[in-house]
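Asks: One structure is given below, represented as structure tokens, and several questions about it will come after.
The values are calculated or read from the model by the stated rules, or taken from the named source; none is laboratory data. Only a predicted model underlies this, so the values are computations on that prediction, with no experimental measurement involved. Using ideal geometry, Cβ is built from the backbone for each residue, glycine included, and neighbour counts are taken over all protein chains shown.
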Amino acid sequence: MGIRFNADEVFEMAERIEANGAAFYRRAAELQGGGQAAFLLGLAEMEDGHRATFAAMRRGLAREMQAATAFDPYLEAALYLQGMADSHGGEGAPSVARSLKGTESPADILRIAIGLEQQSILFYLGLKDMVPARLGRDKVETIIAEEKAHLSTLTDELRKLQAA
């Protein structure tokens, strides 16, 4: 049998990914400065809101969806989950924030963010198959729906920016 996760673990990763996403926008705002910074800081606050949403959903999970899925005598599971969240290559990947040069336009940043959001959706789709129904697979579907809504929001923001 392969690796299994529960909904609690997936929400833990989702919270970290959203926090990393907010850090991406804050870094971009820092590099941009001026009038663009306010726009980018608004996107960071949006990610903070997403993180709060996932945290609230996590707190509402049933006990069985929080049950450990593997023996963890050295308490390394949390580190593993953090590593997965940081390196999945999608939204909030710290390496992307570090790669910003400050020469990106707001539209460039939104295009990057849209691509990262798409990668995150694929990440969660893959995780969904690793969460048994009794451990909250439907909750992962909820995260995917939220991420699709985030993608739609970013796409709308890009359209507005391009129309201006």
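Asks: Which of the residues that make up region 23-60 are over 26 Å from Glu12 (Cβ atoms) and polar (S, T, N, Q)?
Replies: Listed by number, the residues that qualify are Gln32, Gln36.
Asks: Do any residues in region 145-157 that are touching a residue at least 40 places away in the same chain (Cβ under 8 Å) and more than 19 Å from Phe11 (Cβ to Cβ) have Cβ atoms under 7 Å from those of residues that are among the acidic types (Asp, Glu) and assigned to a helix (DSSP H, G or I), where the two are at least six apart or on different chains, and which pairs are they?
Replies: Leu154/Glu117
Asks: On the basis of being over 17 Å from Pro94 (Cα atoms), part of a helix (DSSP H, G or I) and without any contact (Cβ under 8 Å) to a residue 60 or more places away in the chain, does Ala44 make the cut?
Replies: In short, no.
Asks: Scan region 119-142 and tell me whether some residue there is crowded, with 22+ Cβ neighbours inside 10 Å, over 26 Å from Arg63 (Cβ atoms) and among the hydroxyl-bearing types (Ser, Thr, Tyr).
Replies: Checked region 119-142: at least one residue is crowded, with 22+ Cβ neighbours inside 10 Å, over 26 Å from Arg63 (Cβ atoms) and among the hydroxyl-bearing types (Ser, Thr, Tyr).
Asks: Would you mind finding the one in Ala56, Ala52 that is assigned to a helix (DSSP H, G or I), more than 13 Å from the chain's Cα centre (by Cα), at pLDDT 85 or above and loosely packed, with under 13 Cβ neighbours inside 10 Å? Talk me through it step by step, then tell me what you get.
Replies: Numbers: Ala52 fails: more than 13 Å from the chain's Cα centre (by Cα).
So the residue among Ala56, Ala52 that is assigned to a helix (DSSP H, G or I), more than 13 Å from the chain's Cα centre (by Cα), at pLDDT 85 or above and loosely packed, with under 13 Cβ neighbours inside 10 Å is Ala56.
Asks: Taking the residues in region 1-47 that are β-branched (Val, Ile, Thr) and within 16 Å of the chain's Cα centre (by Cα) as candidates, determine which candidate is farthest from His150 (Cα to Cα). Outline the logic, then answer.
Replies: Start the filter on region 1-47 by keeping residues that are β-branched (Val, Ile, Thr), which leaves 3, 10, 17.
Filter again for within 16 Å of the chain's Cα centre (by Cα), leaving 10, 17.
Values: Val10: 17, Ile17: 13 Å.
Once the filter is applied, the top-ranked residue is Val10.
Asks: Continuing with the same structure: With respect to Ala97, is the statement that it is part of a helix (DSSP H, G or I) and surrounded by 17 or more Cβ atoms within 10 Å (Cβ to Cβ) true? Step through it out loud before you land on a result.
Replies: On the way: part of a helix (DSSP H, G or I): yes; surrounded by 17 or more Cβ atoms within 10 Å (Cβ to Cβ): yes.
In short, yes.
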